[in-house]
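Report on one structure; see the data block that follows.
The values are calculated or read from the model by the stated rules, or taken from the named source; none is laboratory data. Keep in mind that what you see is a predicted model, and the values were worked out from it rather than measured. Methodologically, a virtual Cβ is constructed for each residue, glycine included, from the backbone with ideal geometry; neighbour enumeration extends over all protein chains shown. Just the protein is used for accessible areas: all its heavy atoms, side chains included, with ligands, DNA and RNA removed. Shrake-Rupley method; radii C 1.70, N 1.55, O 1.52, S 1.80 Å.
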Amino acid sequence: MGNHTISPRQFMYLVILFTVGSSILIIPTPTAAMAKQDAWLSVLLPVSAGTLIIWFLSTFGRQLENKTFVEAAIFAFGNWFGRLLSFFYLSFIFILGALVLRNIGDFMTTQIMPDTPLQFTHILFLLVVIFGARQGLEVIGRSSEIFIPWIFLLLFFLFFSISPQINLDNLQPILGGGIKPILSSSLTYLGTPLLEMVIFLMVFPYVKEKKKAGRAWILGALIGGLILTLVTLFSVLVMGSDLTALNAYPSYELAKKINLAGFLEGVEIIVAIIWMLTIFFKLVIIYFACSLGTANFLNMEDYRPLLLPTGMGMVVLSIVAYPDVAYFEAFLGETWFLYALTHGMLLPLIIWAGFMIKRAHTESS
Amino acid sequence: MRHPLAPHGYVKWTLVWVVMVLTLTGCWSSRELDELGVAVAIGVDKDEDDRYVLSVQIINPSEVASDAPTTRPPVTLYTTTGDTLFQAFRNMTTHSPRKVYVSQLRMVVLGPEIVNEGVTPALDLLYRNHEFRPTFFVTVARDASVSDILSTLTPYERIPAKKLMDSLIDTEENLGITKSVTIDNLIADVRSNGKEAVLPGILMEGDAATGTSTTNVEKVDAPTKLSIDGLSIFRGDQLVGWLKEEESQGYNYATGTVQSTIETFACDNPGTLSVEILRSNASMDAQLRSGKPTITIRVEVEGNVGEVDCVIDLSDDDKMKDINKKTEEVIEKKINAAINVTQEEYASDIFGFGNVIHRNHPAYWKQIKYDWKSHFSELEVKTDVKVKIRRKGKSTQPLQSEG
Amino acid sequence: MWAIIAILIVAGAIFFMEVPKLKKKKQIKDMWYVIILLALATAATLYESTGMETPNPLDFIQSVYAPIRSWFQN
Amino acid sequence: MTDKDKQTNELDDSAPHALFSRVEKNIAYIETALGNSTDLVIRHIQLNKTKCAVLFIDGLVDKHTVQNFLMEALMLEMPKRRVSVTTLYNTIKDASLPIGELEEVKQFKDLFSRLLSGETLLLLDEETSALAASTKGWRDRGVQETNSESVIRGPKEAFTETLRTNTALVRRKIKDPKLRIDGKVIGRVTQTEIAVIYVDGLADESVVEEVHSRLDAIDIDGVLESGYLEEYIEDAHFSPFPTVYYSERPDAIAGGLLEGKVAIITDGTPNVLLVPALFVNFLQSSEDYYQRYDIGTFIRLLRLLSFCVALFMPSLYIAFTTFHQEMIPPSLLISLAAQREGVPFPAFVEALLMEFTFEILREAGVRLPKAVGSAVSIVGALVLGESAVQAGLVSPAMVIVVALTAISSFVFPSYNMAIPIRMLRFLFMILAATFGLYGIILGLIALIIHMCSLKSFGSPYMSPFAPLTTKDQKDVLVRFPHWGLFSRPSTQAKNNQGRTSHSSRGGQS
């Protein structure tokens, strides 16, 4: 499908952006609500556990050689059952895409432009995403190389300029509530970026140097996880766990508190820019994976014609997906982890098993 | 090479046009600068009918920015009422010709009624609404109505809210008798079990009526003045009392927020000696002995000899040690006074001893968390102040000599 | 009303952007897939724009996972 | 097919391919073909009893050469005894004429192109081939100082309208036998000469091939300027960004050739094309390499900054003042608000108005005769700076913004790059007016994606940023000292990477 191949480094950048995107909005609040001052631990802990998941996914990806996940499912389980499994996978991606889109829309209409209708915010964002996805993976990878330094620079600026307001007391007592709330709140992180990584199995075939790419995947997830840990850590350090949990968008509130030398104020828009960039890349990957998967599913030559119709559907779903923010919080807290677990872990395991058996079978015969 | 008219190009430009049309359909959230009433201070109180009274001090930009002196005041005050604060805000539109814009808000003044009744309902809006940034200060109007304070014009600094903010920060930094509190600090303290809130007070001297007129600022010594005054003590979200100046200082020493101040004490010989405090550091610890917590406050202070109005041999090391010790005593006395008054009179843990216990002994804290108020009054607190006087200023000896 | 017109215009624009291209490339099967998907998406959008209660897949997911969740929590 | 096409084709088709043997017939034919043009000079002479004719176009030939070398030689140096026409022809061709370039012409088509490009033809009776002597010489502007790309330090000379002069200017810079100059003629009617120049061994063969094949594919009646070619050979037709670099400066072109690029010189224009062109090339000036590296680096960063300023300043101003007032420092906000009191338009319209006014002034300034130019600038300054503000039409802050934007857009060494900025600026202003920073950021993302998707003759437009090549970063935003620039850009010069030896730095280190 065209000449889109990306280098392991570009792939790593995409993984970082994917990990940070939208999780940076979602993670701090529920973790601080549950794990209180240990919220950062409940992000750091699953980052290490996530290495295992990604190791499995990347090994699987290497064994797939140049097949995408959907192609592998069809190869392993045949035209009908394989397609059924792929359908679950694709619907997972599609729903995730709609939720991510809604995340940025919610954020924008809550914090920055309350009078702008949600639909238009979504449509504009999605148009740019479609534009990006249409250019293919190669261009997405290259533009990630342009943006990554800026994201790091802005993050550094955020951390640096908020550091005078750190209060170390906010972190104590460490492990004051025991390990249990940390474990249960770490499910949020597992569910939100980590298990979603299965989407990269649609991208992985297009990465050059598979061995290096596997390492880049793990490294990218680690760096992304570290950024999220830092964001959570700083939120708690500056605002305390109570206010972090109270805020819908703690990292944005964090940036609002920046006041350097009395004149550098009101720079919270910097955080909004980080979010928009990371969420953009997350969505573009999701979108690419979704339409490419659908094209594979339907045996189409090119995924590009699918982009616009899919976009229409995604805008609708993003609007109807939840009536209010409370519904989303409940969904995220209660169901999402299980949903992500079945699609992000169970499904690849099944297909991996089927794929290995089938491959051994075809090789022997 | 792709053909010039490959479909790719069509799509790209169609997208561009869709975006253009989409964007041209509306500018939903935009507000022109000249449509904004930039609010710098907000006053919240309640009237006799238990309705919220909202006063908003709005900048009159052309007056503030212009070089030519005018007779119109630099700020305007609008006051509305409403069943909720939000409603009062919306009622503002009937008074103010412009949309009230609060992102540049510097100060919120809470009225006597509302602080006695409980501030949480008022704080909710101030924290929930996206336009409010969490950097403005919250203060309490002391013995004056909120609208009187906010309608007082200040000399020298044209915007009264800015004057209030500046003097609040200056008083905090140079005198240590007050403490600036931003909205998120206040909310965190009000919501926390192990710490109670304090808020600085604003005092109005002089006649309220003269303060509102520009004649107030035309005199060299403005008849009506605003000043920052001490700290108020909260229990939960209600005001329960005020700290005296010295107690406020003691409070700031204990929490380590003193940046610079003056301590004065009597010499052995008649006269006084003042020490300029340059920096201070405080830490609190909780020890658990036989199931009873003890708090130790350690304060480290560094300073200079500031003013000597008595006869003393400053070249004598023992004398310097003596000054150290005396300063320590003065500071310790202030801290203890603050602790005593909060423990005995108000039963309000403004020092955050509860949080200290939580940090050091989480398990114990869990047992007493909900019963903390009663425990607080019996809490044993030790103070340990260390003062280091480093320098004596330009003169080596006092001007007064024994001869 | 305006919403419906706008949706139809957008759907029409997408149709004319994608379908003739595929037809020219003789990818007839792909063309039909695109038309079907576009029709589905347009229908969903129209349905949503009329303000009727649109079925929400998240409700469905929640109901499917409800038993597992209660088992998981115990 | 248009009428014009038909005509040219008729001429081509009806032309007999070979020359006639009678000189009158040939001359008659040529006269008809050229429609008895008054600038066609035909001199009939008798050489050794053979009828001959010398033909040239007045104004295109150097008359001095024609008289002193050609005519004189023909008339004075001819063999006295009678010889056959063939011998005479051969003698003239091989021995008699003291002229550098002399070629045989057998076809009318060839004859016309030579005649019309300034060569002098010698026709002999009973001979079916003519002799074409290169006597080209016409009024030439001469090598002058460039107006559009001036530098403080560095050579002042610029290309001229004459192809040969231009190739010579390049040759003078690069005296390597590997410098290749391939000739081409494009344009059915104009028959414009094109030269493709590259350094063999440095330039990527596939790029050279690509340049040739793209040029060969062009079918156009006329090429009056290199812009005609640019539009045909550029990669991104639907992009505001230029993917072909052009310059008037021989040193800039020579520098490009040394980096492994390919230059295309078009006769009749001083603007020489250079491919592949990357985004960063447009932000670099040849002067960067002449000044010391620290100031070179500083200026490059300054250019990038002014790129951003020129592109985003008005839209950011709109976004901040109408959407994100919290980002403006309080005292600035107050003074901005005071300035805006009484301005009748929204900030967006105000900005649009001023930007358009500025664009009009700029265009007027370019077109107007120099004498009137100063009048325009006075009016412009008054309109923009004083009256509009005093009339309360715009706020002073907006004037500052527009002025800064305008100045910033003049910083680029290549005029090319200012064009996308001028156009995209308005797009960003619309986005800012409707979605604030949200719109600007989305627009920026789309812009970067678009730029990343561009390619110029196989090189990614945004390289060496994307894809990131660490070792090429030495000569992008920062300029390393020449002794530190070890390698050529890796996307273009694939074959020969080494640029300097590592130990060639003099002085004490």
Quiz item: Magnitude of the Cβ-charge dipole of chain B, K/R +1 and D/E -1, about the Cα centre, nearest 20 debye?
Solution: 1960 debye
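Can you compute the helix-only [θ] at 222 nm over chain B? Use -39500 (n - 2.57) per DSSP H run of at least 4 residues, normalise by all residues, nearest 500 deg cm²/dmol.
-10000 deg cm²/dmol
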Practice problem: Using Cα pairs closer than 8 Å and at least 6 residues apart in sequence, work out the relative contact order for the range C:2-73, in percent. | Solution: 32 percent
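Per residue, what accessible area does the protein assembly as shown have, given a 1.4 Å probe and all protein chains present, in Å²?
42 Å²
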Exercise. Report the one residue of B:379, B:342, B:303 whose Cα lies farthest in the direction of the positive end of the charge dipole of the range B:245-391 (charges on C-beta: Lys and Arg +1, Asp and Glu -1; origin at the Cα centre).
Key: B:379
Quiz item: How many Cβ atoms of partner chains, on average, are near each residue of D:445-458 if near means within 10 Å of its Cβ?
Solution: 6
Practice problem: Would you please give the FRET efficiency between residue D:302 and residue A:167, computed as 1/(1 + (r/R0)^6) with r the Cβ-Cβ distance and R0 = 51 Å, to the nearest 0.05? | Solution: 0.80
Exercise. Roll a 1.4 Å probe over the protein heavy atoms and report the accessible area of residue D:483 in Å², nearest 10.
Key: 110 Å²
Self-check item: Long-range HN-HN contacts of residue B:242 with modeled amide H, under 5 Å
Solution: B:233
Self-check item: Rounded if a/c under 1.5, otherwise prolate or oblate - the range B:220-273, Cα gyration tensor axes
Solution: oblate
Practice problem: Would you mind putting A:187-199, A:105-117 in packing order, based on average other-beta-carbon counts within 10 Å, highest first? | Solution: A:187-199, A:105-117
Quiz item: Of the peptides D:395-402, C:18-25, how do they stack up when ordered by the mean number of other Cβ atoms within 10 Å, highest first?
Solution: D:395-402, C:18-25
Quiz item: ³J(HN,Hα) across the range A:280-292 via Karplus (A = 6.51, B = -1.76, C = 1.60, θ = phi - 60°), whole Hz, x for Gly/Pro?
Solution: 4, 5, 4, 5, 5, 5, 4, 5, 4, 4, 5, 6, 5
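Can you give the local net charge around residue B:334? Use residues other than it whose beta-carbon is closer than 9 angstrom to its beta-carbon, Lys and Arg +1, Asp and Glu -1.
Here the charged neighbours net out to -3.
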Quiz prompt | Cα-based shape type of chain C, given that a ≥ b ≥ c are square roots of the gyration tensor eigenvalues and the cut on a/c is 1.5 | solution = oblate
Self-check item: Of B:161, B:209, B:347, the one that fluctuates the most in a GNM where chain B has Cα springs shorter than 10 Å
Solution: B:209
Quiz item: Can you flag which of B:292/B:388; D:25/D:106; A:256/B:225; D:25/D:109; D:51/D:136; C:25/D:455 are past 21 Å Cα-Cα?
Solution: B:292/B:388; A:256/B:225; D:51/D:136; C:25/D:455
Quiz item: Tell me, what HN-Hα J-couplings in whole Hz come from the Karplus equation 6.51 cos²θ - 1.76 cosθ + 1.60 at θ = phi - 60° for each residue of the range D:361-368, using x for Gly and Pro?
Solution: 4, 5, 5, 4, x, 6, 7, 5
Practice problem: Compute the long axis of helix A:118-134 from its Cα atoms, compare it with the longest principal axis of the Cα atoms of chain A, and write down the angle in degrees, 0 to 90, nearest 10. | Solution: 50 degrees
Practice problem: Leaving ligands, DNA and RNA out of it, rank A:55, A:80, A:217 by accessible area with a 1.4 Å probe, largest first. | Solution: A:80, A:55, A:217
Quiz item: Separation between the residue A:156 and residue B:317 pseudo-spin-labels, each 7 Å from Cα along Cα→Cβ, expressed in nm?
Solution: 4.9 nm
Self-check item: Averaged over B:191-201, number of beta-carbon atoms from partner chains that fall within 10 Å
Solution: 1
Quiz item: Which value, in Å² and to the nearest 10, is the accessible area of residue D:173 when all protein chains are kept and the probe is 1.4 Å?
Solution: 80 Å²
Quiz item: Accessible area of residue A:65, 1.4 Å probe, to the nearest 10 Å²?
Solution: 110 Å²
Practice problem: Could you let me know the centre-to-centre spacing of the range D:192-239 and the range A:210-225, using Cα atoms, in angstrom? | Solution: 43 Å
Practice problem: Rounded to the nearest 500, what is the 222 nm mean residue ellipticity of chain D from helices alone, with -39500 (n - 2.57) per DSSP H run of 4+ residues and division by all residues? | Solution: -13500 deg cm²/dmol
Exercise. For the range D:163-277, give the magnitude of the charge dipole about the Cα centre (Cβ charges: +1 Lys/Arg, -1 Asp/Glu; no others), in debye to the nearest 20.
Key: 620 debye
Quiz prompt | Segments B:266-278, D:48-60, B:363-375 sorted - mean Cβ within 10 Å per residue, highest first | solution = D:48-60, B:266-278, B:363-375
Self-check item: Reachable lysines, given that their alpha-carbon falls under 16 Å from the alpha-carbon of residue A:210 and they are not under 8 places away in the same chain
Solution: A:67
Practice problem: Have a look at D:243, D:194, D:170 and report the one farthest towards the positive end of the charge dipole of the range D:158-281, computed about the Cα centre with Cβ charges (Lys/Arg +1, Asp/Glu -1). | Solution: D:170
Practice problem: Taking every pair of alpha-carbon atoms in chain B, give the share separated by more than 35 Å as a whole percent. | Solution: 43 percent
Quiz item: Given only helices, namely DSSP H runs of n ≥ 4 each adding -39500 (n - 2.57), what is the per-residue ellipticity at 222 nm of chain A, to the nearest 500 deg cm²/dmol?
Solution: -23500 deg cm²/dmol
Quiz item: Between residue B:193 and residue A:184, what FRET efficiency comes out of the Förster formula 1/(1 + (r/R0)^6) with R0 = 30 Å and r the beta carbon distance, rounded to 0.05?
Solution: 0.85
Exercise. May I ask what percent, to the nearest 5, of DSSP beta bridges between residues of chain B are antiparallel?
Key: 65 percent
Quiz item: Peptide A:338-348: average number of partner chain Cβ atoms within 10 Å per residue?
Solution: 2
Quiz item: Which whole-angstrom value gives the distance between the alpha carbon centres of the range D:430-449 and the range B:278-349?
Solution: 57 Å
Quiz item: So which aspartates and glutamates can residue B:162 reach, going by Cα to Cα under 14 Å and dropping same-chain residues fewer than 8 places off?
Solution: B:170
Quiz prompt | Pairwise centroid distance, computed over Cα atoms, of the range D:130-162 with the range C:30-63, Å | solution = 67 Å
Self-check item: Cα shape, the range B:95-183, gyration tensor, a/c 1.5 rule
Solution: rounded
Quiz item: Between chains B and D, what is the buried accessible area summed over both chains (1.4 Å probe, protein heavy atoms, nearest 100 Å²)?
Solution: 2900 Å²
Exercise. Report, in debye and to the nearest 20, how large the dipole of the protein assembly as shown comes out about its Cα centre when Lys and Arg carry +1 and Asp and Glu carry -1 on their Cβ.
Key: 4800 debye
Quiz item: In degrees from 0 to 90, rounded to the nearest 10, what is the angle of the helix A:8-20 Cα long axis to the longest principal axis of chain A?
Solution: 50 degrees
